[in-house]
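Trainee: Sharing a structure, written as structure tokens. Questions coming.
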């Protein structure tokens with residue numbers, strides 16, 4: 001099984017295009033050719049692809065680290081139980097921890113609320129040579145706050161009217177922020193894990209019924225399900241306004257976890273490969289130093 005460039009395009013949100021999540025099948029297997037395969041065969045092939053990409057990602061990350069001119073920012077957004085943690089865990093397996101950082105954004109603290117909404121994000125962008133994964137991100141401030149605008153009261157915005165212009169300005173702020181990062185060498189990939197409402201319900205029930213998964217469940221998860229349509233509309237608006245050439249969105253089917261993980265890993269690996277990085281070439285001075293060190297070691 002391979003997830004081809006053609007299938008990448010099926011997930012890719014073209015800048016300026018209209019986004020309707022009902023047109024994206026959460027239970028998709030990534031391509032029509034996989035529908036004919038049995039469930040176990042599909043899963044086995046997806047897991048094989050994931051392992052293959054884990055190895056390639058580890059090698060690509062080493063070159064990224066050694067090159068030290070570029071960085072990668074991966075944004076993972078989704079409804080609860082869509083598999084964000086699983087994607088992060090499986091995609092980063094094998095990557096050198098020194099060159100990879102995972103940041104999970106929770107409700108903003110009092111200190112964070114005393115600054116603009118991008119302040120806490122700026123502090124966590126990847127340094128050169130590093131891959132950083134945001135588990136939730138700055139997009140919470142055009143998603144959760146759009147469904148629950150009352151949360152904005154905590155930000156103490158001066159005389160701000162929360163209307164369409166307000167959200168348009170936030171989208172512009174995000175696009176400019178991401179463009180600045182891209183201009184300075186950061187590759188940005190954004191993934192919306194598209195889980196269906198029925199599959200979310202099944203996973204919630206599994207968390208309730210399985211004692212080892214009780215800790216994953218919160219009563220507020222059920223409360224937020226009541227706003228499902230509002231969240232879908234917020235995601236559509238968000239993705240539509242912020243999928244850009246320099247920071248594209250990918251809508252990834254999330255009803256089958258093995259498909260989700262394989263797709264994200266494949267797209268990430270492909271993006272780094274396109275950089276065509278190579279090992280840094282030593283300067284004449286460095287070569288002389290290496291020769292001197294080699295002679296000293298052999299002479300011990």
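Trainee: So which residue, out of 137, 28, 109, gets the largest mean-square fluctuation from a GNM of the chain using Cα contacts under 10 Å as springs?
Mentor: Greatest mean-square fluctuation among the candidates belongs to 109.
Trainee: While we're on this one: Taking neighbour counts of Cβ atoms within 10 Å as a proxy for exposure, in what order, fewest first, do 133, 161, 267 appear?
Mentor: On the way: 133 26, 161 7, 267 22.
Result, fewest neighbours first: 161, 267, 133.
Trainee: A further question on this structure: Which residues in region 193-235 have a backbone N closer than 20 Å to a point placed 7 Å from the Cα of residue 162 along the Cα-to-Cβ line?
Mentor: Residues 220-221, 223-235 fall inside that zone.
Trainee: Follow-up. Angle between the Cα long axis of helix 197-209 and the longest principal axis of the chain, 0 to 90 degrees, nearest 10?
Mentor: 80 degrees
Trainee: So, one more: Give me 164, 80 sorted ascending by neighbouring Cβ count inside 10 Å, so fewest comes first.
Mentor: 164, 80
Trainee: Okay, next question. How far is helix 164-183 tilted off the main Cα axis of the chain, in degrees rounded to 10, range 0 to 90?
Mentor: The answer is roughly 10 degrees.
Trainee: Same structure, new question: Along Cα→Cβ, 7 Å out, is where each label goes; now give me the distance between the ones at residue 184 and residue 68 in nm to one decimal.
Mentor: Reported label-point gap for residue 184 and residue 68 is 1.8 nm.
Trainee: Classify region 5-298 as rounded, prolate or oblate, taking a ≥ b ≥ c as the square roots of the eigenvalues of its Cα gyration tensor: rounded when a/c is under 1.5, otherwise prolate if a/b is larger than b/c and oblate if not. Don't skip to the end; give the middle numbers.
Mentor: Working: a/c = 1.87, a/b = 1.31, b/c = 1.42.
Because a/c hits 1.5 or more and a/b fails to exceed b/c, region 5-298 counts as oblate.
Trainee: Another question, then. Between helix 39-67 and the chain, what is the angle of the helix's C-alpha long axis to the longest principal axis, kept within 0 to 90° and rounded to the nearest 10?
Mentor: Once rounded, one gets 50 degrees.
Trainee: Label-point separation (nm) for residue 206 and residue 233, each offset 7 Å from Cα along Cα-to-Cβ?
Mentor: 3.1 nm
Trainee: What ranking of 45, 281, 84 emerges when the number of other C-beta atoms within 10 Å of each C-beta is taken as an exposure proxy, fewest first? Spell out each step's value before the answer.
Mentor: Values: 45 17, 281 7, 84 23.
Ranking 45, 281, 84 by Cβ neighbours within 10 Å, fewest first, gives 281, 45, 84.
Taken together, the values in this text are just the output of simple stated rules run on the coordinates, not laboratory data. Keep in mind it's a predicted model, so treat the numbers as computed, not measured. Every residue, glycine as well, gets a Cβ built from its backbone with ideal geometry; the counts of neighbours run over all protein chains shown.
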